[in-house]
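The values are calculated or read from the model by the stated rules, or taken from the named source; none is laboratory data. Because the structure is predicted, anything quoted here is derived from the model rather than measured. All Cβ positions, glycine included, derive from the backbone under ideal geometry; neighbour counts span all protein chains shown. Just so you know, the surface numbers come from the protein's heavy atoms only, side chains and all, with ligands and any DNA or RNA stripped out. Shrake-Rupley method; radii C 1.70, N 1.55, O 1.52, S 1.80 Å.
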Amino acid sequence: MVNRVGVLALQGNYNQHKRMLNVLGITNVLVQYPQELENCDLLIIPGGESTAISKQIERNNFRQPIINFAKSNSIFGTCAGMILISSSVKETNLKPLSLMDFEVNRNAFGRQIDSFSGNLLLEFDDLDSFKGFFIRAPKVSQLGNGIEILATYKKQPVMISNGRHFATTFHPEIGGDCRIHEHIMGKINE
């Protein structure tokens, strides 16, 4: 049972995740120090600049605490957060945490100027599409074992899960539609 959600607040769009959780009435905290993970049941790694977040994770000694946390708790990575929980190859300024077996291509939907919104098909809610916001978004380039596709955009996977962890290429915290956050909370609480 999720009692408290932590939102990694080193860089990126953490405030909008906090607002979404507040709307849903979910107890949450902005996580700025590794020891704050101890009081959380789920950690959201927000979208932002993946290189900057990766550097902050290293600089603030978060790498091993996040990896340890992920062994028994869920992580939800959005956009840059998805890149960080992927198993993509290390780059000069970016060291993925390898929490899920998939790879991405960074900024594959285009540069900042190419940002867009689009209607997504949700595997868990076929009544209505979900308006996803893509801002310098990654694309899934390879799916590993045990990865389930939960949402697509033009047949491209944009939300995936391995049963414990979740990742989206888009920003589900933008736009006011709570279904993604609600779905994740429901799956974790099953």
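Numbers below:
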quantity	calculated
Semi-axes of the equivalent ellipsoid for region 1-85, Cα gyration tensor, largest first, Å	18, 15, 11
Whole-Hz ³J(HN,Hα) from phi, Karplus 6.51 cos²θ - 1.76 cosθ + 1.60, for region 144-160, glycine and proline x	x, 5, x, 8, 9, 8, 9, 7, 10, 10, 6, 6, 8, x, 10, 9, 9
Interchain or long-range residues, amide H under 5 Å from N73's placed H	none
Charged-residue dipole, Cβ positions (Lys, Arg, Asp, Glu), region 123-182 about Cα centre, Debye nearest 20	400
Whole-Hz couplings from phi, Karplus 6.51/-1.76/1.60, listed for region 100-105; x for Gly and Pro	10, 8, 7, 10, 10, 10
Solvent-accessible ranking of D125, D114, largest area first, probe 1.4 Å	D114, D125
Whole-Hz couplings from phi, Karplus 6.51/-1.76/1.60, listed for region 53-70; x for Gly and Pro	5, 4, 5, 5, 4, 5, 4, 9, 6, 8, 3, 5, x, 5, 4, 5, 4, 5
About the Cα centre, charge dipole magnitude for the chain (Lys/Arg +1, Asp/Glu -1 at Cβ), debye	560
Heavy-atom accessible area order for I26, I160, largest first, 1.4 Å probe	I26, I160
Against the rule of thumb 2.2 N^0.38 Å, how large the Cα Rg of region 78-179 comes out	1.02
Anisotropy class of region 57-129 from Cα gyration tensor, a/c 1.5 cut	oblate
Antiparallel content of DSSP bridges confined to the chain, in %, to 5	60
Interchain or long-range residues, amide H under 5 Å from V31's placed H	V7, L8, A9
Calculated P(r) of region 1-155 - Cα pairs past 25 Å, %	29
Normalised convex hull volume, region 95-140, alpha-carbon set, Å³ per residue	88
